[in-house]
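Heads up: the structure comes next, in structure tokens.
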Amino acid sequence: MAKILPFKAIRPASELASQIAALPYDVYSSAEAREYVKDHPKTFLGIDRAETLLEEGTSPYEDRVYQKAREVLWDMVDKGEFIRDDRECYYAYELTMDGRSQTGIVAVASVDDYDNNVIKKHENTRADKEADRIRHVDVCGAQTGPIFLAFRHNKAIRDVIETRLDKDPVYDFTSEDGIRHRVWTIDRPRNIQVIKEAFGSMEEIYIADGHHRCASAVRVSKMRREANPGFTGDEDFNYFLCVAFPDDELKILDYNRVVKDLAGMDEKEFMDRVSDKFYIEKSHKPVRPSKKGEFGMYLKKGGWYTLTAHDDIKSSDPVKGLDVSILQDNLLGPILNIQDPKTDSRIDFVGGIRGLSELERRVKLDCVVAFSMYPTDIRELFSVADAGLLMPPKSTWFEPKLRSGLFIHQI
């Protein structure tokens, strides 16, 4: 059963929340991060990517970068730019994008639930990406980027959240990308107990986004346990920061593909091979797939087409039946010779938030073909995780993104 608990957050002073809250560290290149931090001196990105506060050319993996992150974080706490809550609370965190809202519970989750697969994964992690966040969490002594969890919707949790939504939030601001962020404290003992018991009745919760941050937090916890052999299990280092959302409020966007060459074929030969596995129909406008098994394809010379998978390449298997797998297993791999999309430099991935025009731009700029995808469904994600399987890389793109720096869990 899931152990999702209240905690004493370190969080921004109300008047500074909009200046501090930042998109996740890994959505920026080094140059983009440096430019953003220069224009936003209080942004949490300066702590998440502290090389931006040092001279240009500084490697993000130098020891002094992590020390700088620690120095800035705790200096802001000392100056009162962050405040410490004096009692354990849950928090309701609402994000509104394009008129659609999703509200999650900010809490801490048990690292043992991660190890025991109560908190389920659907993605492999890379050691190099883990190493960076392990050092960041360890040196800062705090978890600063929440893990995005999803659970099957629960009436008791929803009822508690709804009792808060008509109260004054502790934060209410709209970020530069148009997302409205509102936060309420859930501190009444009865409400805390209801939420704790509701999560405690769940046999599984899922990582929606943040596998590397989660794996890093768990690794630091194990390091702290090794350093404290008499630990009781109640110490803060036994838990990681998360925001858990009900599945029926989440939206997954498409995660599209662009490819730099046709593996030596001309467009006619390529189209002939594609037609062995997909029905092809010319389109006079950009193609946003309307159902599973349907794909948009944009060719540099030929323009837009709709591809529809033949029935014999569809599958009821949780992984093989994903549209990203159908495209990989029947077109990208056998036709374009992209055997490992994680490492092949000939393929790139474009989040659906950028729109179909970005696919056209990339094909005109540095690619020859693009594929627009039908979004993976949250139930497909659950099915893959429940089966103990892994999704192909770049299967899901969640929007809106959680902000870093709104909640900090000291360990």
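The values are calculated or read from the model by the stated rules, or taken from the named source; none is laboratory data. On a predicted model such as this, the values are computed, not experimentally measured, just so you know. In this analysis, Cβ positions are derived from the backbone assuming ideal geometry, glycine residues included, and neighbour counts consider all displayed protein chains.
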Which one of these does P286 not meet: (1) modelled with pLDDT of 95 or more; (2) assigned by TED's automatic domain parsing to the domain that holds E123; (3) not basic (K, R)? (2)
State whether one or more residues within the stretch 91-112 are within 22 Å of D236 (Cβ to Cβ) and either free of Cβ contacts under 8 Å to residues at least 12 places away in the same chain or charged (D, E, K, R) (or both). yes
Selected residue [crowded, with 17+ Cβ neighbours inside 10 Å, of a type in the set (A, V, I, L, M, F, W, C) and in the same structural domain as T144 (by TED's automatic domain parsing)] from V37, V27, V77: V37
Where residues in the stretch 29-64 are part of a loop (DSSP other than H, G, I, E, B) and among the aromatic types (F, W, Y), which of them is farthest from R135 (Cα to Cα)? F44
Which residues, taken from the stretch 240-258, are touching a Lys or Arg at 6+ places or on another chain (Cβ under 6 Å) and farther than 30 Å from H409 by Cα? Y255, V258
From the list R100, R64, which residue is of a type in the set (D, E, K, R) and surrounded by fewer than 13 Cβ atoms within 10 Å (Cβ to Cβ)? R100
Determine if the stretch 204-226 includes at least one residue that is outside any helix (DSSP H, G or I), at pLDDT 95 or above, among the acidic types (D, E) and out of contact with any helix residue (DSSP H, G or I) (no Cβ under 6 Å at 6 or more places or on another chain). yes
Counting only residues that are under 16 Å from I411 (Cα atoms), of a type outside the set (A, V, I, L, M, F, W, C) and surrounded by fewer than 21 Cβ atoms within 10 Å (Cβ to Cβ), which one in the stretch 204-228 is farthest from the chain's Cα centre (by Cα)? N228
Residues in the stretch 118-165 that are touching a strand residue (DSSP E or B) at 6+ places or on another chain (Cβ under 8 Å) and either under 22 Å from Y206 (Cβ atoms) or of a type outside the set (G, A, S) (or both): how many? 25
Just checking: which of the strands (runs of 3 or more DSSP E) contained wholly in the stretch 245-360 hold 3 or more residues that are touching a Pro at 6+ places or on another chain (Cβ under 8 Å) and over 23 Å from D209 (Cβ atoms)? 294-299
Residues R11, R87: which one is assigned to a strand (DSSP E or B) and of a type in the set (K, R)? R11
Just need a number here: residues in the stretch 79-94 that are touching a strand residue (DSSP E or B) at 6+ places or on another chain (Cβ under 6 Å) and of a type in the set (A, V, I, L, M). 1
Out of the stretch 220-264, which residues are over 30 Å from I353 (Cβ atoms), outside the structural domain of V106 (by TED's automatic domain parsing) and touching a residue at least 40 places away in the same chain (Cβ under 8 Å)? none
